[in-house]
1. Mind checking which residues of the stretch 78-111 are in a strand (DSSP E or B) and more than 16 Å from the chain's Cα centre (by Cα)?
2. Quick test for you: out of 27, 91, 102, 78, pick the one residue that is in contact with a strand residue (DSSP E or B) (Cβ under 6 Å, 6 or more places away or on another chain), hydroxyl-bearing (Ser, Thr, Tyr) and farther than 15 Å from residue 142 by Cβ.
3. Answer yes or no as to whether residue 52 is surrounded by fewer than 18 Cβ atoms within 10 Å (Cβ to Cβ), out of contact with any Pro (no Cβ under 9 Å at 6 or more places or on another chain) and at pLDDT 95 or above.
4. Here are some conditions: (1) surrounded by 15 or more Cβ atoms within 10 Å (Cβ to Cβ); (2) more than 19 Å from residue 121 (Cα to Cα); (3) at pLDDT below 90. Residue 19 meets all but one. Which one does it not meet?
5. Here are some conditions: (1) assigned to a loop (DSSP other than H, G, I, E, B); (2) within 15 Å of the chain's Cα centre (by Cα). Residue 137 meets all but one. Which one does it not meet?
6. Is it the case that the stretch 108-129 has a residue that's under 21 Å from residue 29 (Cβ atoms) and without any contact (Cβ under 8 Å) to a residue 12 or more places away in the chain?
7. Keeping to the stretch 20-68, report how many residues are aliphatic (A, V, I, L, M), assigned to a helix (DSSP H, G or I), over 17 Å from the mean Cα position of the chain (by Cα) and closer than 30 Å to residue 113 by Cα.
Amino acid sequence: MNIRRACIRGISVLLLAAVASAQTAYTPKFKGDPARSDSEAAALGYLRTFLRAQKIYKKKNGKYAYTLMDLSKTGSFTRRMASSTDRGDYTVKFRPHKDKDTFEITMLPKQEDTMHRSFFSDDQGKLRVDETKEADGGSEVLKAD
């Protein structure tokens with residue numbers, strides 16, 4: 001009976017620790033970090049890496065990349081980043097405009113709430129955010145909270 005109680009207590013302690021760690025507040029990754037959660041930080045990191053790669057690609061080739069795979073091995077943008085639009089809690093929506101040599105990229109959350117906002121950027125490089133719908137060029141510019 002004592003062994004059973006010890007097991008139950010051990011499991012209870014582990015469950016309480018898991019619940020407590022799930023409720024901890026987001027810790028910013030750097031000074032001025034605008035993310036509200038780890039999944040937002042990952043989505044914003046993807047966007048920044050993508051934008052940096054597009055800038056390098058344009059400087060090297062005189063035009064923006066038309067596909068994510070074109071960007072692979074440019075800057076820090078890897079083949080794995082280009083091979084799937086599924087980025088954890090977010091989905092990448094990339095739209096190149098070949099005729100105008102511009103692009104748009106949106107990070108769409110799989111669940112929209114205060115910890116999963118939608119993000120947008122284009123060839124201008126400004127990060128935009130929207131809490132209620134898919135972010136677009138008219139959304140507000142992302143700033144630290």
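1. Our first condition is that a residue be in a strand (DSSP E or B); within the stretch 78-111, this holds for 86-87, 90-97, 102-109.
The answer is 95, 96, 97, 102, 103.
2. Details: 27 fails: in contact with a strand residue (DSSP E or B) (Cβ under 6 Å, 6 or more places away or on another chain); 102 fails: in contact with a strand residue (DSSP E or B) (Cβ under 6 Å, 6 or more places away or on another chain); 78 fails: in contact with a strand residue (DSSP E or B) (Cβ under 6 Å, 6 or more places away or on another chain).
91 is the lone residue from the list that is in contact with a strand residue (DSSP E or B) (Cβ under 6 Å, 6 or more places away or on another chain), hydroxyl-bearing (Ser, Thr, Tyr) and farther than 15 Å from residue 142 by Cβ.
3. Working: surrounded by fewer than 18 Cβ atoms within 10 Å (Cβ to Cβ): yes; out of contact with any Pro (no Cβ under 9 Å at 6 or more places or on another chain): yes; at pLDDT 95 or above: yes.
Criteria met by residue 52.
4. (1) is the only condition that residue 19 fails.
5. (2)
6. There is at least one residue in the stretch 108-129 that is under 21 Å from residue 29 (Cβ atoms) and without any contact (Cβ under 8 Å) to a residue 12 or more places away in the chain.
7. Step one: of the stretch 20-68, the residues aliphatic (A, V, I, L, M) are 20, 22, 25, 35, 41-44, 47, 51, 53, 56, 65, 68.
If we keep only those that are assigned to a helix (DSSP H, G or I) too, we end up with 20, 22, 41-44, 47, 51, 53, 56, 68.
With the extra rule that they be over 17 Å from the mean Cα position of the chain (by Cα), the set shrinks to 20, 22, 56.
Keeping just the survivors that are closer than 30 Å to residue 113 by Cα gives 20, 22.
The qualifying residues number 2.
For every residue, the table says whether it meets (1) touching a Phe, Trp or Tyr at 6+ places or on another chain (Cβ under 6 Å); (2) among the aliphatic types (A, V, I, L, M).
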{"residue": "26", "(1), (2)": "no, no"}
{"residue": "42", "(1), (2)": "no, yes"}
{"residue": "48", "(1), (2)": "no, no"}
{"residue": "53", "(1), (2)": "yes, yes"}
{"residue": "70", "(1), (2)": "no, no"}
{"residue": "76", "(1), (2)": "no, no"}
{"residue": "97", "(1), (2)": "no, no"}
{"residue": "104", "(1), (2)": "no, no"}
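The values are calculated or read from the model by the stated rules, or taken from the named source; none is laboratory data. Everything quoted here is computed from the prediction, not taken from an experiment. Don't worry about glycine lacking a Cβ; one is built from the backbone with ideal geometry, like all the others, and counts go over all protein chains shown.
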